[in-house]
Amino acid sequence: MTDFRSLDFLSGVRLGCTGDISTPLVLLGNVEVEREWAYDERGVPTVGDNAPSAVVARMDELALLLGGAGDHVILKTAPDPGYLDYLRGLGLDLPQVQVTDQCRPTVTVTHEALDSSELIGRLRAWDGTARLLPHGMSEAEEELCRRAGLPSALPSAAVAKRVNSKIYSRRAAAELGIPLAEGWECESVAEFEAAVEKAAAHLAEGRTVGVKDAYGVSGKGIVVADRLRRLEQLTRMIRRRAERTGDDRLSVVVEVWADKAADLNYHFTVGRDGSVRFDFVKEALTDGGVHKGHRYPARLTPDQTAEIEDTAHRIGARLADDGYYGPVGVDAIVCGDGSLLPLLEINARNNMSTYQTRVQEHCVPAGSVVLARQYDLRLPAPVEFARAADALGDALFRRDTGRGALVNNYATVNAGFTAADSPADGRFYLMLVASGQAEADALDATVADRLAEFGEPR
């Protein structure tokens with residue numbers, strides 16, 4: 001039997017998750033699945049709507065670049081034809097696109113699919129060999145599987161929810177003896193009050209403390225405090241909510257911020273048989289806890305890399321014991337003294353870096369430096385891909401040179417436009433491929449300058 005660890009990325013996922021390298025996959029980019037896992041959990045008190053933004057909802061198109069010619073991808077709208085031509089010109093075989101009946105700005109692709117009778121009918125008509133591979137598995141994706149008669153490539157939503165909690169991450173690290181940021185897991189108001197008392201001493205020493213929802217994502221559901229007054233304020237809010245609802249449950253972690261030199265994200269795949277394949281480690285580019293991209297290869301010493309790989313295999317074995325198989329990303333940091341905190345949180349789902357793998361394998365020359373970046377702009381009008389490609393000019397990635405800015409999602413550029421005469425936020429996702437860091441930095445500046453033709457950077 002083929003060992004999935006010897007295969008290219010997607011073939012390994014296919015074999016590891018389904019047991020058959022020929023299994024067709026139905027890809028679903030339900031990014032921010034954490035919103036589903038967080039339902040009925042008590043996290044950091046927030047105000048406002050929990051729906052994703054129009055731009056975030058169109059991150060579904062990232063999944064287009066994960067599959068091959070024998071696969072399918074469910075999207076909220078058909079991709080820009082010029083963008084598809086560009087991808088095919090790079091030599092990429094693309095999955096068949098299955099479009100939902102509607103494209104409402106802040107509705108996730110899963111819920112659009114559940115409301116799409118025509119799509120459900122098409123999926124039910126298939127022969128049953130394909131399996132759904134979502135960004136992450138929640139009860140909404142399980143319902144889609146039931147309605148469409150589509151088996152899942154991932155374990156149950158209950159398993160996924162359990163292992164994706166930040167509380168699970170901290171407890172798994174402690175049990176495995178993995179170095180861990182100082183902190184406390186809180187599942188009740190009383191436990192949170194006790195954690196705040198302990199955190200007070202660290203604040204008095206000038207340290208910073210973070211309070212994070214167990215299912216927070218992309219900088220949401222987090223409170224950062226450098227003064228005790230901020231935590232006391234938060235404690236009062238949490239107490240009042242418990243008194244008002246009669247429910248003192250809580251699902252947060254409190255952590256003391258470490259002296260950080262660099263953020264890391266590493267990726268591995270767990271097979272149904274419990275075997276673990278280490279995939280890669282990248283530097284994560286963040287701003288205020290919000291993911292902004294990656295840089296790879298990661299600038300790590302051989303000892304640091306070995307520690308990351310060893311930790312990946314230990315976490316993977318633990319996840320397998322708890323019933324999980326599939327892609328996994330782990331957030332970690334390099335501390336100021338060169339030591340590692342190799343497990344901040346486990347993301348047992350696709351990660352932003354997952355969607356770069358197939359392009360990286362097929363298009364990026366060995367030895368390249370890659371910056372995976374997003375460029376946020378306030379756009380006065382929609383921008384067709386052909387216009388963006390013309391503006392980028394010689395900075396656009398070409399397969400023959402192996403250098404330039406490779407576009408790995410275009411739906412997010414025009415996602416915010418619900419009225420043609422109203423400005424909207426747009427986001428360009430690009431992988432900047434260069435021969436070295438200096439060239440990558442120069443390409444970054446060039447791309448930012450040329451995209452500014454379309455709107456004001458944000």
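ALA204: net charge of surrounding residues, Cβ under 13 Å, Lys/Arg +1, Asp/Glu -1, itself excluded?
That sum, taken over residues with Cβ under 13 Å, equals +1.
Above 16 angstrom, tally the Cα pairs of region 182-256 and express them as a % of all pairs, no decimals.
Roughly 45 percent, once rounded to a whole number.
Just add up the charged neighbours of THR446: K/R +1, D/E -1, any other residue whose Cβ is under 11 Å from the Cβ of THR446.
-4
Ranked by accessible surface with a 1.4 Å probe, highest first, in what order do HIS313, HIS267 come?
Ranked from most to least accessible, the order is HIS313, HIS267.
Could you give the distance between the Cα centres of region 66-87 and region 390-442, to the whole Å?
17
Within 12 Å, Cβ to Cβ, of LEU371, how many net charges do the neighbouring residues add up to if Lys/Arg are +1 and Asp/Glu are -1?
Around LEU371, the surrounding residues sum to 0.
For region 260-352, what is the charge dipole size about the Cα centre, in debye to the nearest 20, if Lys and Arg each add +1 at the Cβ and Asp and Glu each add -1 at the Cβ?
In debye, rounded to 20, region 260-352 gives about 280.
If amide hydrogens are placed 1.01 Å from N in the peptide plane, which non-local residues have theirs closer than 5 Å to the one on VAL252?
Hits under the 5 Å cutoff: CYS186, ALA214.
Considering amide H positions built from the backbone, and no H for Pro or chain starts, which residues 5 or more places from PHE397, or on another chain, come under 5 Å of its amide H?
ALA405, LEU406, VAL407
Would you be so kind as to identify which of ILE308, ALA181, THR46 lies farthest towards the positive end of the dipole of the chain, taking Lys and Arg as +1 and Asp and Glu as -1 on Cβ and the Cα centre as origin?
Positive-end residue among those listed: THR46.
Can you give me the orientation-averaged projected area of the convex hull built on the Cα atoms of region 241-400, in nm²?
Computed as one quarter of the Cα hull surface, the answer is 15.1 nm².
Any idea how many Lys pairs in the chain come in under 28 angstrom at the alpha carbon, given 8 or more places apart or on separate chains?
26
In debye, nearest 20, what is the charge dipole magnitude of region 135-235 about its Cα centre with +1 on Lys and Arg Cβ and -1 on Asp and Glu Cβ, if you could check?
So the magnitude is around 240 debye.
Just to make sure I understand: if all protein chains stay in place, what is the order of TRP257, TRP184 by accessible area at 1.4 Å, largest first?
These residues rank, largest area first, as TRP257, TRP184.
Can you give me the Cα centroid spacing of region 288-314 and region 330-386 in angstrom?
Rounded to whole Å, the Cα centres lie 12 Å apart.
Return the long-range amide H neighbours of ASP279 (sequence gap of 5 or more, or a different chain), with a cut-off of under 5 Å between placed amide H atoms.
Residues meeting the amide H criterion: HIS267, PHE268, THR269.
Over the chain, what is the mean sequence separation of C-alpha contacts under 8 Å (at least six apart), divided by residue count, expressed as relative contact order in percent?
In percent, rounded to a whole number, it is 17.
Is there a quick way to get the dipole size of the chain? I mean about its Cα centre, with the Cβ of Lys and Arg at +1 and of Asp and Glu at -1; what is the value in debye to the nearest 20?
For the chain, the charge dipole is close to 360 debye.
Tell me the volume per residue, in Å³, of the convex hull enclosing the alpha carbons of the chain.
Residue-normalised Cα hull volume stands at 153 Å³.
Considering the Cα trace of region 1-98, what is its radius of gyration and what is Dmax, both in angstroms?
17.0, 53
Work out the charge dipole of the chain with +1 on the Cβ of Lys and Arg and -1 on the Cβ of Asp and Glu about the Cα centre, then indicate which of THR286, ALA140, THR129 is farthest towards its positive end.
Of the options given, the answer is ALA140.
Can you list, largest first and rounded to whole Å, the semi-axes you get for region 260-352 by taking the square root of 5 times each eigenvalue of its Cα gyration tensor? Intermediate results must be reported in sequence, preceding the final value.
On the way: eigenvalues 99, 42, 23 Å².
Working through the eigenvalues yields semi-axes of 22, 14, 11 Å.
Could you work out what % of the accessible surface of the chain is carbon and sulfur, using a 1.4 angstrom probe and leaving DNA, RNA and ligands out of the count?
Ligands and nucleic acids excluded, carbon and sulfur reach 48 percent.
The values are calculated or read from the model by the stated rules, or taken from the named source; none is laboratory data. Since we're looking at a predicted model, the values are computed, not measured. Here Cβ is always computed from backbone atoms with ideal geometry, including for glycine, and neighbour counts include all displayed protein chains. Note: areas computed on protein heavy atoms with side chains; ligands, DNA, RNA excluded. Shrake-Rupley method; radii C 1.70, N 1.55, O 1.52, S 1.80 Å.
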